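Visitor: Before I ask anything, here is the structure I am working with.
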Amino acid sequence: AQTVTQSQPEMSVQEAETVTLSCTYDTSENNYYLFWYKQPPSRQMILVIRQEAYKQQNATENRFSVNFQKAAKSFSLKISDSQLGDTAMYFCAFKGNNAGNMLTFGGGTRLMVKP
Amino acid sequence: DAEITQSPRHKITETGRQVTLACHQTWNHNNMFWYRQDLGHGLRLIHYSYGVQDTNKGEVSDGYSVSRSNTEDLPLTLESAASSQTSVYFCASSDREGPSTSYEQYFGPGTRLTVT
């Protein structure tokens with residue numbers, strides 16, 4: 001079974017600074033998908049960014065980008081120019097090619113953006 | 001706009017009672033999922049369905065059941081509520097697999113269940 005590990009339970013960053021959240025995963029598959037979800041205090045889960053393993057290029061979505069290191073099985077999220085609205089729990093998730101449409105989630109990282 | 005809703009948003013129940021949490025989606029998605037969220041565990045899969053009359057057990061299915069009689073709804077039933085089932089429950093849906101599938105799951109707002 002796949003496992004997803006987020007080693008930073010809590011992090012903080014000053015507004016306008018850059019922060020990187022770590023995620024590692026364990027799989028024997030070659031094709032898979034990785035996701036970062038954001039859960040603000042409202043509890044609503046929102047997709048931030050998605051990466052397909054067969055794509056070499058790191059995904060970017062405005063201020064959010066990933067550093068996907070396939071050999072190291074690492075998938076970190078970089079948030080540039082942090083904003084107060086980025087304060088949330090962030091979850092890394094994995095979908096294997098042999099896992100149907102199921103996602104495996106990491107334990108989450110609580111990010112606090114300080115003014 | 002399409003959406004996924006859950007009801008109730010908060011529920012307090014007593015040990016041993018049967019509880020049903022509702023999930024309704026208007027995305028017309030084939031796939032639906034139930035997760036529980038507990039501190040330090042992220043989201044863990046309880047049950048999932050890939051279509052009408054299809055249901056499957058997830059990682060933490062003991063004490064829970066689901067049924068899928070139509071595309072829009074996947075109710076989650078706790079047959080005999082236990083204090084260990086105090087948690088926040090999320091329903092999610094995703095589109096069927098195809099050439100352009102993103103595999104993104106769309107989440108409901110969650111139900112906070114307290115079992116006393």
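Visitor: How well do other chains shield peptide A:101-112, expressed as the mean number of their Cβ atoms within 10 Å of each residue Cβ?
Guide: Values: counts 15, 11, 10, 5, 7, 3, 6, 6, 0, 0, 0, 0.
If you average over the peptide's residues, the count of other-chain Cβ atoms is 5.
Visitor: How high is the relative contact order of chain A, in percent, with contacts defined as C-alpha pairs under 8 Å that are six or more residues apart?
Guide: Details: 283 pairs, mean separation 43.6, N = 115.
Relative contact order, chain A: 38 percent.
Visitor: Would you tally the net charge around A:Glu29, using a Cβ to Cβ cut-off of less than 14 Å, leaving A:Glu29 out, and scoring K and R as +1, D and E as -1? Please list the in-between numbers first.
Guide: Working: positive: A:Lys70, A:Lys73, A:Lys95; negative: A:Asp26, A:Glu52.
Here the count lands on +1.
Visitor: Could you grab the Rg to Rh ratio for region A:1-113? Cα atoms only, Kirkwood for Rh. Spell out each step's value before the answer.
Guide: Working: Rg = 13.4 Å, Rh = 14.1 Å.
With Rg and the Kirkwood Rh in hand, the quotient comes to 0.95.
Visitor: Specify the inter-centroid distance of region A:88-115 and region B:61-98, based on alpha-carbon positions, in whole Å.
Guide: Measuring centre to centre over Cα atoms gives 20 Å.
Visitor: For B:Asp1, A:Asp81, which order do you get if you count the other beta carbons within 10 Å of each Cβ and list the fewest first? Mind showing how you got there, number by number?
Guide: Values: B:Asp1 4, A:Asp81 11.
Exposure proxy ranking, most exposed first: B:Asp1, A:Asp81.
Visitor: OK, next. Scaled to the compact-protein estimate 2.2 N^0.38 Å, what is the alpha-carbon radius of gyration of chain B, rounded to two decimal places? It would help to have the intermediate numbers written out before the result.
Guide: Details: Rg = 13.7 Å, N = 116, 2.2 N^0.38 = 13.4 Å.
Output field value: 1.02.
Visitor: Roughly how crowded by other chains is peptide B:45-56, in terms of the mean Cβ count from those chains within 10 Å of each of its Cβ atoms? Mind showing how you got there, number by number?
Guide: On the way: counts 4, 0, 0, 4, 0, 3, 0, 0, 0, 0, 0, 2.
Partner Cβ neighbours, averaged per residue: 1.
Visitor: Along Cα→Cβ, 7 Å out, is where each label goes; now give me the distance between the ones at A:Lys70 and B:Glu79 in nm to one decimal.
Guide: That separation, rounded to one decimal, is 4.4 nm.
Visitor: Now, a different point. Which of B:Ser7, B:Ser84 has the fewest other C-beta atoms within 10 Å, and how do the rest follow up to the most?
Guide: Details: B:Ser7 13, B:Ser84 10.
Arranged by neighbour count, lowest to highest, B:Ser7, B:Ser84 become B:Ser84, B:Ser7.
Visitor: What does the average come to when, for each residue of peptide B:106-116, you count the partner chain Cβ atoms lying within 10 Å of its Cβ? It would help to have the intermediate numbers written out before the result.
Guide: Values: counts 3, 7, 3, 4, 5, 1, 1, 0, 0, 0, 0.
Mean inter-chain Cβ contacts per residue within 10 Å come to 2.
We did not get these values from a lab; they are worked out from the coordinates using the rules stated. Source: prediction; values computed, not measured. Cβ atoms come from the backbone with ideal geometry, glycine included; neighbour counts cover every protein chain shown.
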